[in-house]
Amino acid sequence: MLPFDSFDAYLFNASRALCSPLAVFIQVQGCFICLILALGWALAAYVRGREIRRMKSSMKSGNSFAFLTLDINELEHSNQVNLPRVSVVMPLKGFGEHNLHNWRSQITSLYGGPLEFLFVVESTADPAYHAVKRLLVDFKDAVDAKVIIAGLSTTCSQKIHNQLVGVEQMHKETKFVLFLDDDVRLHPGSIGALTTEMEKNPDIFIQTGYPLDLPSGTLGSYCIYEYHMPCSMGFATGGKTFFLWGGCMMMHADDFRTDRHGVVSGLRDGGYSDDMTLAAIAGAHKRLITSPPVAVFPHPLATDLTFPRYWNYLRKQTFVLESYTTTVNWIMNRALFTTHCYLSWGFVAPYVMAGIHMAAALRYYFKEYSLEDTVLTCSGGLLLAGCLAICTVIELLSMWNLTRIEVHLCNTLSPEATQLSLASYNWCLVFIAMLVDNFLYPLSAIRSHLSQSINWSGIRYHLRDGKICKIDRHKHLVPKITDLAGKDLLGKQGPTPKVAIISSLSRTLAQWRQPKKYDI
């Protein structure tokens, strides 16, 4: 029998302490969190997969346009001419590597009804302004689109200000308004699918969707992917949901014309987050939010997405919980703040404990300590670590399966696009990102709570009582590029789209718009 050295004694005592009732509860809780996530992703995968099966069944029945609609009769001319007018409002900021492709997917929609696109920028100095203008020159005969100069916001975030200016200038006969972020890559039938649901159920207040992150290979991009995946459960219901993503929101245009439920005043008067504000209004007035199963959109992340840029993004996400409109909204945000922080560290802590158990077991094995001295220390700890490992594998498999199905769904909904693949996903980095992101979330949330201010694309917003009370604009606040998409904000680094590329896109547009001319 070999005597314990000081380090080993400390390690074995630590492992033994982690077999106490409280420590065991924390480790069992970690397993439970893994299994709950796995179950949520499994249910989400079922909803998304069911839609794939429905489209395949429709294709077998002779509907080659199932990616647009499951009922081919809806593509008949008599139905297409009666489709409602939709205005697509896109607040822009900066120009990055994926913007041209994203804008192309938006303006080449195969929606058969009247459709207008309103690109809204802060000023002509924004790099997005010149890029969009060049793009629209080549598409002027095929789409109804224009660029709007919104000016500087004074009472709300610049994004919300751009959205409201776009709404003010939408067509007087517009029935539905669709807000899109410039990092949304639409499918050809996305606008039609959203509009069809709005027509079927007039009680819908907002329709939304959710992005499928495509990591670029950096740890920061995988942290973004991991951060969004738990939220994807709430958007994969195939119907009613309590969640809302500001990147894709379709609403009734008259709600803005009449300021119903205070949607305009609630956003304009101190609004920081468009989706959080509108979700709070929907909850206060018991209005319906839905998310169709086909509303999942590819979201390629910047190829140079560094870890500091991920941290900046996380800071902006946690800062959202500091904005609120009512007392009830404040209570809900505080509950979400507390729950998320608790679960985040409750997820990470068991892995730290499992690491200690594993280290103790390895020291016992290599140092050949007597069985009597270490059996209680190692056996209980290894059992807990083994249970956590099994639950982690189940969780990762469920996450992989949902991602696989969403990739398949996106490929089915956009048969003309470059097909997505799971081959580029590194699941070891996914696991590391899970630990990193959940460890950092409470730190970011606490910092946001204490600071009550945030730098968003070069503009510093200050909150008081949940609303923007002060806006600072200084050149030194403007970052060179944005966080996720790596967009140039200063007009010095963004690549200029080439005429040859745009001409090619124009030809593609003409080809894909042609099916609408047929009387099927």
D_trans [Stokes-Einstein, Kirkwood Rh over alpha-carbon pairs] for segment 206-290, 4 °C, 1.567 mPa s, µm² s⁻¹: 91
FRET efficiency, I36 to Y342 (Cβ-Cβ, R0 22 Å, nearest 0.05): 0.95
Nearest-ten-degree value, helix 21-60 long axis tilted from longest Cα axis of the chain: 30
Cα radius of gyration and Dmax for segment 385-477 (Å): 20.3, 53
Computed over segment 53-143, the ratio Rg/Rh where both radii use C-alpha atoms and Rh is Kirkwood: 1.09
Net charge over other residues, Cβ less than 11 angstrom from the Cβ of I356 (K, R count +1; D, E count -1): +2
Per principal axis, descending, Cα span of the chain in whole Å: 87, 58, 47
Segment S64-C231, length gained on full extension (0.36 nm per residue, minus Cα span): 56.9 nm
Theoretical gain in end-to-end length, V28 to E76 [0.36 nm per residue, Cα-Cα removed]: 11.6 nm
For segment 175-299, size of Cβ-based charge dipole, Lys and Arg +1, Asp and Glu -1, in debye: 340
Computed magnitude of the charge dipole of segment 131-174 (debye, nearest 20; Cβ of K, R +1, Cβ of D, E -1): 180
Tilt relative to the chain, helix 499-513 - C-alpha long axis, 0 to 90 degrees, to 10: 80
Selection of GluC sites (Glu not before Pro), segment 46-82, meeting DSSP coil and at most 15 other Cβ within 10 Å: E76
Pairwise label distance in nanometres, D465 with D254, each label 7 Å out on the Cα-Cβ vector: 3.3
Segment 7-158 - percent of accessible surface contributed by carbon and sulfur, probe 1.4 Å: 61
Largest to smallest accessible area among E97, E406 [probe 1.4 Å]: E97, E406
The chain, dipole about Cα centre (Lys/Arg Cβ +1, Asp/Glu Cβ -1), debye to the nearest 20: 820
Cα centroid separation - segment 379-393 against segment 398-418, whole Å: 32
Peptide ranges 182-190, 255-263 listed from the most packed, as the mean C-beta count within 10 angstrom indicates: 182-190, 255-263
Relative contact order (%) - the chain, alpha-carbon pairs under 8 angstrom, separation at least six: 25
Charge-dipole axis of the chain as Lys and Arg at +1 and Asp and Glu at -1 on Cβ define it, positive-most pick from W41, I394, A193: A193
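The values are calculated or read from the model by the stated rules, or taken from the named source; none is laboratory data. From a predicted model like this one, the values you see are computed outputs, not experimental measurements. All Cβ positions, glycine included, derive from the backbone under ideal geometry; neighbour counts span all protein chains shown. Heavy atoms of the whole protein, side chains included, go into the accessibility calculation; ligands, DNA and RNA do not. Shrake-Rupley method; radii C 1.70, N 1.55, O 1.52, S 1.80 Å.
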